[in-house]
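Scroll down for the structure; my scribbles are underneath it.
The values are calculated or read from the model by the stated rules, or taken from the named source; none is laboratory data. The structure presented is a predicted model; accordingly, all values stated were derived computationally and were not measured. Cβ placement follows ideal geometry from the backbone for every residue including glycine, while neighbour counts extend to all protein chains displayed.
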Amino acid sequence: MAKPCMFVANWKMQFSYLQAIDFCRQHGTELDARAKAHGLTVVLCPTIPALPVMVDVLRNTSILLGAQDCSRFKEGPYTGEISARSIAEVGCSYCVVGHSERRRHVGETDAQAAEKIGNLLAVGVVPILCVGETYEERCQKNTIKVIEEHLYNLTVAIRAAAYPVERLVCAYEPVWAVGTGCVADCQDIAQAIRVIKEWFARECPQVKDVICLYGGSVNEKNIAEIRSIDLLGGFLVGAASLDFQKFKNMLSYDS
Ligand code: PGA
């Protein structure tokens, strides 16, 4: 029996509106069959405008949808922002927060990520918080410190949540591994996941269900080895999720 496993496909800005919808029309049924056959949770995170149509196309399947970001503001005069509430209303079950590309390109901070998480929790969308060190931080042996810094602001959001937070997803994504073809080694991933799990047990014991993902150049060739890591709950997949054959092969592996 395979252990429970979650696959989050982060399509970034790689697929356009039409490409995202085409992918679902062409492959939705097969993707659903794979997910069911292997007991997997599959979450697709497309460009925001594609979501309403994808909800429709995937309506009778097990495939879930996620957003790649949401606003740190709840509502109001914030031109161009998309609220957590809209993310929930359009049909998303999950939302990625604090991805390293957003930290790098638009200066997203841990405090902002925490605000987003607070907004998502208030509307019942499960946040997927990305944490991970840069190459320099790794060389300075600061990986654990960086992960704990990323997690620190979360305490505030979780403690301020109006109702008990039972479920969160946290993805360990070393910045140097995202989109580079370099993968963290299994020992380092296992250590990062232990740090995350221990942090939640210590700081937010009320969050009973913390699913830890790994992301960063996962593909059909390296997945089997990574998947054997004990506490790993799944993967955040970028490039390899854009190619249906590759993604399908990744979903076929039973640990
Ligand atoms: P990658 O992206 O699989 O292309 O490295 C992962 C991510 O950014 O979530």
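Can you tell me which residue within segment 1-17, out of those that are modelled with pLDDT under 95 and more than 19 Å from the chain's Cα centre (by Cα), is farthest from C45 (Cα to Cα)?
My answer is M1.
Is it fair to say P52 is surrounded by fewer than 19 Cβ atoms within 10 Å (Cβ to Cβ) and in a loop (DSSP other than H, G, I, E, B)? Give the derivation first.
Numbers: surrounded by fewer than 19 Cβ atoms within 10 Å (Cβ to Cβ): yes; in a loop (DSSP other than H, G, I, E, B): no.
No: the conditions fail for P52.
Being surrounded by 19 or more Cβ atoms within 10 Å (Cβ to Cβ) and outside any loop (DSSP other than H, G, I, E, B) narrows it down to one of L232, L236, so name that one.
Numbers: L232 fails: outside any loop (DSSP other than H, G, I, E, B).
One residue alone meets the criteria, L236.
Inspect segment 187-200 for any residue being in a loop (DSSP other than H, G, I, E, B) and either of a type in the set (D, E, K, R) or farther than 24 Å from I63 by Cβ (or both) and give the result as yes or no. Walk me through how you get there before you give the answer.
As a first pass, look at segment 187-200 and keep what is in a loop (DSSP other than H, G, I, E, B): none.
Among the residues of segment 187-200, not one is in a loop (DSSP other than H, G, I, E, B) and either of a type in the set (D, E, K, R) or farther than 24 Å from I63 by Cβ (or both), which makes the answer no.
Please determine, by comparing only the residues of segment 18-52 that are touching a Phe, Trp or Tyr at 6+ places or on another chain (Cβ under 7 Å) and either of a type in the set (G, A, S) or modelled with pLDDT under 95 (or both), which one is nearest to G234 (Cα to Cα).
My answer is A20.
Assuming S217 fulfils every condition listed in (1) within 11 Å of the ligand (Cβ to nearest atom); (2) without any contact (Cβ under 8 Å) to a residue 24 or more places away in the chain; (3) assigned to a loop (DSSP other than H, G, I, E, B) apart from one, which condition is it?
Going through (1) within 11 Å of the ligand (Cβ to nearest atom); (2) without any contact (Cβ under 8 Å) to a residue 24 or more places away in the chain; (3) assigned to a loop (DSSP other than H, G, I, E, B) one by one, S217 breaks only (2).
Within segment 94-114, work out how many residues are surrounded by fewer than 22 Cβ atoms within 10 Å (Cβ to Cβ) and either more than 16 Å from the ligand (Cβ to nearest atom) or not in a helix (DSSP H, G or I) (or both).
First pass over segment 94-114, keeping only residues surrounded by fewer than 22 Cβ atoms within 10 Å (Cβ to Cβ): 101-112.
Next, only the ones that are either more than 16 Å from the ligand (Cβ to nearest atom) or not in a helix (DSSP H, G or I) (or both) stay: 106-112.
Selection size over segment 94-114: 7.
Filter segment 39-72 down to residues that are without any contact (Cβ under 8 Å) to a residue 12 or more places away in the chain and under 17 Å from I128 (Cβ atoms), then give me how many there are. Before you say what the answer is, go through the steps one by one.
Filtering segment 39-72 for residues without any contact (Cβ under 8 Å) to a residue 12 or more places away in the chain gives 56, 59-60.
Filter again for under 17 Å from I128 (Cβ atoms), leaving none.
Selection size over segment 39-72: 0.
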